[in-house]
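Below is one structure, written out as structure tokens; comments come after it.
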Amino acid sequence: MEYLRGSKNYEERRKKQYAILEDYFTEKGIDLEEVKRILKKQVVELPSWAVGNSGTRYGTFMDKGAAVTIWDKVDDCAEIQRCLGVTPVMASHVLWDKTDDGRFEPVREYAEKKGMRIGTVHPNTFSGQEFRFGSICSPVAPVRESTKAHFVDCIRMAREMGSKSIGMWLADGTSYPGQDSLAERKHRLFEGLKTLYDAMDPDMTLLLEYKPFEPFFYTTDVPDWGTSFMMCRKLGEKAKVLVDLGHHLPCTNIEQIICSLLDEGKLGGFHFNNRRYADDDLILGTVNPLEIFLIFNEIVDANVRGLDTGITYMLDQSHNIENSLEGIIYSVMNIQTAYAKSLLVDRKILAAARAENDVVVSNMIIMDAFNCDVEPLLAQLRLEMGLSDTDPLRNHRQSGYAQKAAQERKAGILTLGGGA
Ligand SMILES: [Mn+2]
């Protein structure tokens, strides 16, 4: 199928549209050169666990050619990077990224050869019979000890892969009131995290994720940003909060959380995905593009206020009915779209409208940026970045990569269910 974006006329029209955009925003005092400079600098980490057949907890629809080994995953991420240019990093999940001999220096070397590096390393504390009552919060002392040993081993793996950050999601919790002492669990939580924190190198960062539900249903031990923030503050400078967009109760105002964490210097990063009902791990920007725009709007606002945000942007998605690589490419495109729009908010006129408490116009100014078609800007960006096609999805589809992978690889299931 040839989508409209594939036609030559469309490319020509897009060039003209870029010139019009440039004219319009120059008049407003917004420099598109600066906007493009910021967009070129953005780095999005690709999830190694999402390039293979990931699926849902109920099952996985298989794609021929989906990555099976860690080497396949590096190859897939390198292909995505070839199309996008802002994704030279692969985040790793240790459970699903094993090597035959347990050594990870070769992964680093292989990634480097492919123009990639390894980003955030995620320990696993939820797959195994021993985790019935949790990991570091478990009332069973030997489980807590073996989890701590796993943490220390994850630091070794991170070192070997050249990674500087650890992404920690704890699946710990209780399913019934009375099951365990919540106070004792809180103390065990801190003790376990401290072991991880103390094992890290001085230049490493701990990103602590939170989630209010699943796989336990009465309590989770890090249920919300407040608990993550509290633990990070107690741990020290190297610990920051990781926000997974799917890990909130309905109607939570995530952009406000982002604003508060940025203001406190404690926003470490994102696990981007989109949700409709729960932790759905869908393609970012497909269900609620306004939310991702408003999140970026707070990030840009913090930058404008002079805050050094230093955020690790990661995807944490699970692709079931869509092809994984296409789903990931589309997600990153949607990230860039939201970020570009948020950079186009006329903040000078917004400040003036706010000063007059002009509620309606203030909102219109924000929505003007959201409604702006930034496709010509992103096409121009990709041209300037030297990408071989201004449309990353078309670039990938026309490359023959998927067909080649389908011939060379055997389909395999790596994981059952997303939700981390
Ligand atoms: Mn996550």
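No lab work stands behind these numbers, since they all come straight from the coordinates. Nothing here was measured: the structure is a model prediction, and the numbers come from that model. In this analysis, Cβ positions are derived from the backbone assuming ideal geometry, glycine residues included, and neighbour counts consider all displayed protein chains.
Here the chain carries DSSP beta bridges of which approximately 10% are antiparallel, counting only pairs with both residues inside. Between T286, L249, A66, the Cα set farthest toward the positive side of the dipole of the chain (charges on each charged residue's Cβ, about the Cα centre) is that of A66.
Where only DSSP H runs of four or more residues are counted, the chain gives -15000 deg cm²/dmol as its mean residue ellipticity at 222 nm, each run worth -39500 (n - 2.57).
Between V359 and E184, residue separation times 0.36 nm minus the direct Cα-Cα distance comes to 58.3 nm.
At full extension, R233 and A352 could sit 39.2 nm farther apart than now, given 0.36 nm per residue minus the alpha carbon distance.
Nearest 0.05, what FRET efficiency do A149 and Q42 give at R0 = 41 Å with Cβ-Cβ as r? My answer for the efficiency is 0.65.
What FRET efficiency do you get for E191 and E322 if R0 is 45 Å and r is their Cβ-Cβ distance, rounded to the nearest 0.05? Once the sixth-power term is evaluated, E becomes 0.60. With everything on Cα atoms, drop me the angle between helix 8-28 and the longest principal axis of the chain, reported from 0 to 90° to the nearest 10. Taking the Cα atoms of the chain, the angle to 8-28 is about 90 degrees. Other residues lying with their Cβ under 11 Å from the Cβ of E214 contribute a combined charge of +1, Lys and Arg counting +1, Asp and Glu -1.
Summarising the label geometry, the points placed 7 Å from Cα in the beta-carbon direction at D308 and Y58 lie 4.8 nm from one another. Given R0 = 30 Å, the distance between the Cβ atoms of K404 and E12 translates into a calculated FRET efficiency of 0.40. With a ≥ b ≥ c the root eigenvalues of the C-alpha gyration tensor of the chain, is it rounded (a/c under 1.5), prolate (a/b larger than b/c) or oblate? Oblate shape, in that a/c is at least 1.5 and b/c is the bigger or equal ratio. Annotation: amide H-H contacts under 5 Å for A239 (H modelled 1.01 Å from N, sequence separation of 5 or more, or interchain): L206. Partner aspartates and glutamates whose Cα lies under 13 Å from the Cα of K8, excluding those fewer than 8 positions away in the same chain, are identified as D389, D391. For the residue pairs K40/K114; K40/K98; K16/K41; K28/K266; K15/K36, the alpha carbons lie more than 27 Å apart in K40/K98; K28/K266.
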